[in-house]
1. Please work out if A330 is touching an Asp or Glu at 6+ places or on another chain (Cβ under 8 Å) and open to solvent by 20 Å² or more (accessible area, probe 1.4 Å).
2. Within the group L346, L314, which residue is open to solvent by less than 10 Å² (accessible area, probe 1.4 Å) and either modelled with pLDDT under 95 or under 23 Å from D443 (Cβ atoms) (or both)?
3. If the Cβ limit is 6 Å and pairs must be 6+ apart or interchain, which residue in segment 148-170 that is open to solvent by 10 Å² or more (accessible area, probe 1.4 Å) and in a helix (DSSP H, G or I) pairs with which residue that is at pLDDT below 75 and of a type in the set (A, V, I, L, M, F, W, C)?
4. Restricting attention to segment 109-137, which residues are in a helix (DSSP H, G or I), under 18 Å from G278 (Cα atoms) and among the hydrophobic types (A, V, I, L, M, F, W, C)?
5. Where the second residue is part of a loop (DSSP other than H, G, I, E, B) and the first is under 19 Å from M210 (Cβ atoms) and lies in segment 180-194, which pairs have Cβ atoms under 6 Å and are six or more apart or on separate chains?
6. Those residues that are under 20 Å from the mean Cα position of the chain (by Cα) and without any contact (Cβ under 8 Å) to a residue 60 or more places away in the chain, I need them from segment 389-425; list them, please.
7. Just checking, which of L206, L224 is assigned to a loop (DSSP other than H, G, I, E, B), of a type outside the set (D, E, K, R) and touching a residue at least 40 places away in the same chain (Cβ under 8 Å)?
8. Taking segment 102-131 as the search range and keeping residues that are of a type in the set (A, V, I, L, M, F, W, C) and crowded, with 20+ Cβ neighbours inside 10 Å, which one is modelled with the lowest pLDDT?
Amino acid sequence: MTKKSNRIYLLEEADVASALLQLGVPTMVGMLISALYNAIDAYFVGGLGKSQMGAVSVVFPIVQIIIGLGMMFGAGASSYISRLLGKGDDKQANKTASTALFSGLLVSASIIAGIIIFLDPVLTALGSTETILPYARAYAKIYVTGSIINVFNVMMNNLLTAQGATKFTMIAMLTGSIANVILDPIMIYGMNLGIEGAAIATVISLCVNMTLYIGYIVKKKGVLKFSVKNIEPSKIIYTEVLKIGIPVLLFQLLASAAMGSINTAAKPYGDYAVAAMGVVTRIMTVGTYVVFGFLKGFQPFAGYNYGANQFDRLEKSMKLCMIWSTVFCAIAAIVLVVFADPIVSLFGTDPEMVALAGKALRCNAILFISFGFQMVYASLYLAIGKSLVGSVLSLSRQGIFFFPLVFILPHLFGLTGVIWVQPMADLLTTILTAIFAVKIHRDLSRMM
């Protein structure tokens, strides 16, 4: 069996449960390790002090915006490529992959340059205090500049996932993550570079990841063929990529803005509050990345089978993803609620920071139970090309509902209101998702 037929068989004919596991688990593991090394990064920086921990929290939204640019072109192209492969149009799939990769790097480089030029105002707007700013500036100059490498890695991850090459993406992510975990203590403490050492360690690990992806392209592995000759900036490619990619970017932008607004809301209460909310964000990111990672495997499966009119396989995959993701979220929520204090204590010893972070983590964990449900249907709508509904669902949790709440709740309830912003946004998003879940099931029933 050829490489192509191996990958297409997995999407088209293999047992649904087996296919979802083969597609989703490698990506899930890779993203889990990625989230864990971000948490470990914060762990080592937390040992430097609460201002340094606050600096990492302030810079984190910027990096998420840059990653969002990569996801806009990568995830947008991935959805279109999955449907093209389902229809057997390999030529257009190759053109889409090469065009998206080139365009994403060009746009991201321009945005990164702008951020570096206006770095101090950006950091201040994201919640940096006078004591946090020097550390945030030092960390961001290195990390943000090196994030162009992360854009490449994110795009390649999405493009290879579209053709079912999830095992390789897992290996690439694992390798980079392990490199980061090893280099962090060496750079931060062994070489006495402090917070700048954390940034250098991360950039080096991204280079390791990038090297593996470049090797994949050079060796011409997989179904997709990347080539300068395949770059074709046509209207149809950009339309198909951006109609899915823009909602994904908006999701990242809103997520970054949400982090920044939480930092800003916590800023009046001091460095400990900014650090505490940043710790909670990092911890919750571990759980969200697991769900995101698994559903990245679900998306090409859903897009392919929708394009091939195999609605029975599509519906079965939805049910399985719903069950698996909800069980995971429930277990994670219980663990975080029960062990909140010892978990947050890993990121610093400041009593005020630990107390606030523990309280905030419990509140966030309670509503995390519904996160899998939210993401299954948001991913489904985007995968099958229904970008309007997919956009609404994707932008609700940290956008449509989040921002009114972040202005209202802190004003009414102070720091307690800051803590409850994300849980309340989760609750409202779950209700909205349920409405669209009923609709998509009715639509698919009519097609079957």
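1. no
2. On the way: L346 fails: open to solvent by less than 10 Å² (accessible area, probe 1.4 Å).
That would be L314, the only listed residue that is open to solvent by less than 10 Å² (accessible area, probe 1.4 Å) and either modelled with pLDDT under 95 or under 23 Å from D443 (Cβ atoms) (or both).
3. These pairs meet every condition: M170/V29.
4. Of everything in segment 109-137, those that are in a helix (DSSP H, G or I), under 18 Å from G278 (Cα atoms) and among the hydrophobic types (A, V, I, L, M, F, W, C) turn out to be V122, L123, A125, L133, A136.
5. Close Cβ pairs satisfying both conditions: M187/L193.
6. Listed by number, the residues that qualify are V389, V392, L393, S396, R397, I400, F401, A425.
7. After applying the criteria, what remains is L224.
8. The selected residue is L126.
The values are calculated or read from the model by the stated rules, or taken from the named source; none is laboratory data. A quick note: this is a predicted structure, and the numbers were derived from the prediction, not measured. Methodologically, a virtual Cβ is constructed for each residue, glycine included, from the backbone with ideal geometry; neighbour enumeration extends over all protein chains shown. For the accessible areas, the whole protein counts, side chains as well, though only heavy atoms, and no ligand, DNA or RNA atoms are used. Shrake-Rupley method; radii C 1.70, N 1.55, O 1.52, S 1.80 Å.
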